[in-house]
Amino acid sequence: MKICGVTTVADALDAAAYGADAIGLILAQSTRRLSQERANEIAQATKGLVLRVAVFRHNEPQFILDGVDATGVDVAQVHGTLEHDLIDALRARGVAIIKALTVGAEEFDRFDEAMVDAVLLDGPAPGSGDAHEWPDLAARAFRRPVIAAGGLNPANVAGTISATGVWGVDVSSGVERSPGEKDPVLVRDFVANARARFEDREERRG
């Protein structure tokens, strides 16, 4: 479970305390955008507690590498073009890679996910909190772990996990009081509901 769009150390530590697996630090243009300095502060405060993911959207490769270097994150999440040279540079830094794909877009069908560690499937307006359907997911077999994002909240996350069979889930606005301000109760409930459904699914498989 990833809590994305975290903007404060306190919210990041809350997410870790409630059992989130990862936090997202947005360095791309967004209402939740962080400076490199603030992102580094949050990343350092949560080192070893959660996976720290830097989120980029349609940024130049050098901007992405500079952001990774300045923050010391564990993972780079890239929305937009992902060139082989950038992949090689991130690998050289020991950084894992999540490629974000938009459900229904042309790239959704043709992207070779073998180049990355996981795929995040988002709706047409990433970060908007708008829910979307998942019919294309059933028709596309992925060889890497799949993370569902877009319109998730504590009330619908369990159903989404069951309907899609995804490996992970990602939430931002669905656990907020206002853009960038997380609600601890919603974060707690989101993580608890998601974890319970994942555990139930594993028990059924076992």
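None of the figures in this text is laboratory data; all of them are computed from the coordinates on show. On a predicted model such as this, the values are computed, not experimentally measured, just so you know. Here the Cβ is made from the backbone with ideal geometry for all residues, glycine too, and neighbour counts use every protein chain on show.
For this structure, a couple of remarks:
- Relative to the current alpha-carbon distance between GLU203 and THR81, full extension at 0.36 nm per residue lengthens the span by 40.1 nm.
- Sequence of ILE42, ILE23 once ranked by neighbouring C-beta atoms within 10 Å, starting from the fewest: ILE42, ILE23
- Neighbour counts of C-beta atoms inside 10 Å place PHE63, PHE111, PHE190 in the sequence PHE63, PHE111, PHE190, starting with the fewest.
- Here ASP21 and ALA45 are evaluated by their C-beta separation; at R0 = 22 Å the FRET efficiency comes out at 0.85.
- Percent antiparallel among DSSP beta bridges (both partners in the chain, rounded to 5): 5 percent
- Across the chain, the longest piece that holds none of the GluC sites (Glu not before Pro) lying in DSSP loops with up to 16 other C-beta atoms within 10 Å covers 1-82.
- The GNM of the chain, with springs linking C-alpha atoms under 10 angstrom apart, assigns the highest mean-square fluctuation among ALA141, ALA22, ALA45 to ALA141.
- For a paramagnetic label modelled on GLU181 (point 7 Å from Cα along Cα→Cβ), amide N atoms under 16 Å away belong, within segment 1-43, to 6-12, 31-33.
- Distance in nm between pseudo-label sites at ARG110 and THR8 (7 Å out along the Cβ direction from Cα): 4.5 nm
- Most fluctuating residue given options ALA163, ALA12, ALA92, as computed from a GNM of the chain linking Cα atoms under 10 Å: ALA92
- Once both labels are positioned 7 Å from their Cα atoms along Cα-to-Cβ, the gap between ASP69 and ASP117 label points is 2.0 nm.
- Total formal charge among the other residues, if their Cβ is under 9 angstrom from that of CYS4, Lys/Arg +1 and Asp/Glu -1: +1
- Remark: for residue pairs LYS47/LYS99; LYS99/LYS182; LYS2/LYS47, the C-alpha separation exceeds 18 Å in LYS47/LYS99; LYS99/LYS182.
- Measure of compaction for segment 2-205 (Cα Rg per 2.2 N^0.38 Å): 0.95
- Local charge for ASP74 was computed over the other residues whose Cβ lies under 14 Å away, with Lys and Arg +1 and Asp and Glu -1, and equals +2.
- Among ASP14, ASP183, ASP85, residue whose mean-square fluctuation peaks in a GNM of the chain (springs only between Cα atoms under 10 Å): ASP85
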